[in-house]
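Structure, as structure tokens:
The values are calculated or read from the model by the stated rules, or taken from the named source; none is laboratory data. The structure displayed is predicted, hence computed values, not measured ones. Please note: Cβ atoms are built from the backbone with ideal geometry, for glycine as well, and neighbour counts cover all protein chains shown.
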């Protein structure tokens, strides 16, 4: 409840609860997993009533070289460095690895984020891929049918060849899963590597004219389209 109200992350909320800063109906609660009814119980932080923060939904065009975390032990830039002008506490609904560019959604709405990231929701995500070799139609068909990864078979994917250029194939792939480095691992089953990877669409949302490294608010229509 604390994190969904936008006052801090789940980790921060657990620390505050453990420190005795949170009370329910005037009684100090130091068990983070305690159940509360926000409609009928009064929750306070440092004696102040907890009020839900304004719901925020942002779209960021992530550049290469940024990690999707609040802090990085190696001192690399994080995607939150690009959101310094956002007053609300937001978190990413999904991740992109260091070398991948493209769309990331940020919000302080936990239910909305769960909807986007849950495999059961089947929210499609489209990537533009530059492969390290020329891929045959049969190889692209393998991706369409699904391939076997270390964590199990993938769902069928929508794959469209964009062009062949020199020694490389460029193609689009749309998946409805969100496994770690999934597209890269799928391409590796074909004996190729991913040289460039850009997430261009999430559900009904496209990059459009959004510049790399910049963000914008999602429209009400875009939010509804994802839920």
>> If a residue must be surrounded by 15 or more Cβ atoms within 10 Å (Cβ to Cβ), part of a helix (DSSP H, G or I) and without any contact (Cβ under 8 Å) to a residue 60 or more places away in the chain, how many such residues does the stretch 78-94 contain?
In response: 2
>> I'm trying to understand the selection: among the residues of the stretch 166-178, which are touching a helix residue (DSSP H, G or I) at 6+ places or on another chain (Cβ under 8 Å) and either under 22 Å from residue 92 (Cβ atoms) or part of a loop (DSSP other than H, G, I, E, B) (or both)?
In response: 173, 175, 176, 177, 178
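Restricting attention to the stretch 208-225, does a residue exist that is assigned to a strand (DSSP E or B), in contact (Cβ under 8 Å) with a residue 40 or more places away in the chain, over 30 Å from residue 5 (Cα atoms) and touching a helix residue (DSSP H, G or I) at 6+ places or on another chain (Cβ under 7 Å)? Can you show your working first?
Start the filter on the stretch 208-225 by keeping residues that are assigned to a strand (DSSP E or B), which leaves 215-217.
Pick out the ones that are also in contact (Cβ under 8 Å) with a residue 40 or more places away in the chain and you get 215-217.
Those left that are additionally over 30 Å from residue 5 (Cα atoms): none.
Taking every residue of the stretch 208-225 in turn, none turns out to be assigned to a strand (DSSP E or B), in contact (Cβ under 8 Å) with a residue 40 or more places away in the chain, over 30 Å from residue 5 (Cα atoms) and touching a helix residue (DSSP H, G or I) at 6+ places or on another chain (Cβ under 7 Å).
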>> When you scan the stretch 104-123, do you find a residue that is farther than 17 Å from residue 205 by Cβ, outside the structural domain of residue 154 (by TED's automatic domain parsing), touching a helix residue (DSSP H, G or I) at 6+ places or on another chain (Cβ under 7 Å) and outside any loop (DSSP other than H, G, I, E, B), even just one?
In response: no
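Against the definition (outside any strand (DSSP E or B), more than 22 Å from residue 95 (Cβ to Cβ) and not assigned by TED's automatic domain parsing to the domain that holds residue 103), how does residue 191 come out, yes or no?
Numbers: outside any strand (DSSP E or B): yes; more than 22 Å from residue 95 (Cβ to Cβ): yes; not assigned by TED's automatic domain parsing to the domain that holds residue 103: yes.
Yes, satisfied.
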